[in-house]
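Report on the following structure.
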Amino acid sequence: MFEFNLKKVVMSATAVTALSAGAAAAQEACTNYTVQDGDTMATIAIAAYGTSNYQPIFNANRNAITNPGSLQPGLVLALPCEDGSLPNGQSAQELIAAEEKRAASVKRSNVYAPPIKLVAGNGWEPFTTEALSGGGIMTRLATTSLQRAGNSRDYSVSFVDDWSSHLETLLPLGAFDISIAWTVPDCTNRSYEWSAETEARCTQFVASVPVYDVVGGFYTLPESEYAAATDFSDLEGSTICRMAGWSMVVLEEVGLNRSNISVVQPNSARECLDAVLTGTADVAAFEVELFASTMKDMGLTSADIAENPYVSTLSSMSFLAHRTNPFAREYIAMINKGLVEMRETGEWYAIISDTLREQNEKLNTASN
């Protein structure tokens, strides 16, 4: 769950390992792999890429994987190639170029249908940033969706780096129509007491279909009693570290709240892992790709901190429009229509993998 001051934490970590392929088992990458008994997403990623970050595998197999913590033997997974393309398929760049050529003939709107005003912010690489092509993954997905499925409305994109202003001021006052992009809870789930954040997102805004699903893991000392947890209820009574600014909704949805857990909230993933190492926290809970890169930066291995293979969370990011906007449902419906087509053609995944490739190239250049 990415929130305001968190953006810069993710900036240096998200794409570092997202498409990095290691030589440990290079023959596994860029192939289709049949899940064996005892496999986990992390072990498959380590074998194929030399990193425990399995978010790219999840992205490539989103329709086949419903629970990243429970893989069924016999499931066939496509393991992305180093450039992000899928085995035996077009490269991301080829597919995107083909779809753009196909959509080029769509007539754009005129002065009687003013552009849809989109707002994003910098400092959240590779998701929203002016430093990457098209403004990053989420911005590219939003703008491209408005050019697909026969949509003809034009759009404009602005970057306002004060993220809190998006939902609190800019959308309610009509300065912009849609903000890119936010974590949206399951608004049909009233089995727990909603926080003010959940209440606002579910009652004040119209959300698109899920655009990108983020896998969250739970990390402990290998010898911890919580390392063997097989259900979220097994984590009750623990002290969980979740960085300041990160939404608690993802934990609330699985039954973990401040009535049955303690929470510590430092500013960074490194501080969370330090909290686990020093005993200040029993468990750290955040995204798998951020975990993999932070472990690498800290020089840690699974002998120091282990990922629980049985419990994980999924949080969906969507585009939001304010309910007071008279065109909110129309605009969101247009985006949804385009996103559905993009998933069917493969362009959705192509944009994600192509942006991660670009971000990795920038990071590699900067480190050389």
Per residue value of the accessible surface for the chain (all protein chains in place, 1.4 Å probe), Å² = 42
Express the carbon and sulfur contribution to the solvent-accessible surface of the chain as a percent, rounded to the nearest whole number, probe 1.4 angstrom.
-> 50
Those aspartates and glutamates that a straight Cα-Cα span of less than 15 Å connects to LYS117, excepting residues fewer than 8 apart in one chain | ASP154, ASP177, GLU330
In whole Å, how far is the Cα centre of the range 112-157 from that of the range 293-325?
-> 24
If you line up the long axis of helix 269-278 against the longest principal axis of the chain, both from Cα atoms, how many degrees apart are they, to the nearest 10?
-> 20
What residue among ILE305, PRO126, GLN204 has its Cα farthest toward the positive end of the dipole of the chain, where the charges are +1 on Lys, Arg and -1 on Asp, Glu, each on the Cβ?
-> GLN204
In Å, what is the Rg of the alpha-carbon atoms in the range 235-278, and how long is Dmax?
-> 10.3, 28
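How do ASP37, ASP83, ASP354 rank by accessible surface area computed with a 1.4 Å probe, from largest to smallest? Present the calculation step by step, with values, prior to reporting the outcome.
Values: ASP37 140, ASP83 55, ASP354 15 Å².
Largest accessible area first, the residues go ASP37, ASP83, ASP354.
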For the chain, the longest principal axis of the Cα atoms and the Cα long axis of helix 92-103 enclose an angle in degrees, to the nearest 10, of 20
Angle, helix 347-367 long axis vs. longest principal axis of the chain, Cα atoms, 0 to 90°, nearest 10?
-> 60
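How many percent of DSSP beta bridges within the chain run antiparallel, rounded to 5? Each step should come with its number before you reach the end.
Working: 22 of 34 bridges.
Of the beta bridges lying entirely in the chain, close to 65 percent run antiparallel.
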Using a 1.4 angstrom probe and counting only protein chains, how large is the accessible area of CYS30 in Å², to 10?
-> 60
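The values are calculated or read from the model by the stated rules, or taken from the named source; none is laboratory data. None of the values given here were measured: they were computed from a predicted structure. Here Cβ is always computed from backbone atoms with ideal geometry, including for glycine, and neighbour counts include all displayed protein chains. Protein only, heavy atoms only, side chains kept; ligands, DNA and RNA dropped before computing areas. Shrake-Rupley method; radii C 1.70, N 1.55, O 1.52, S 1.80 Å.
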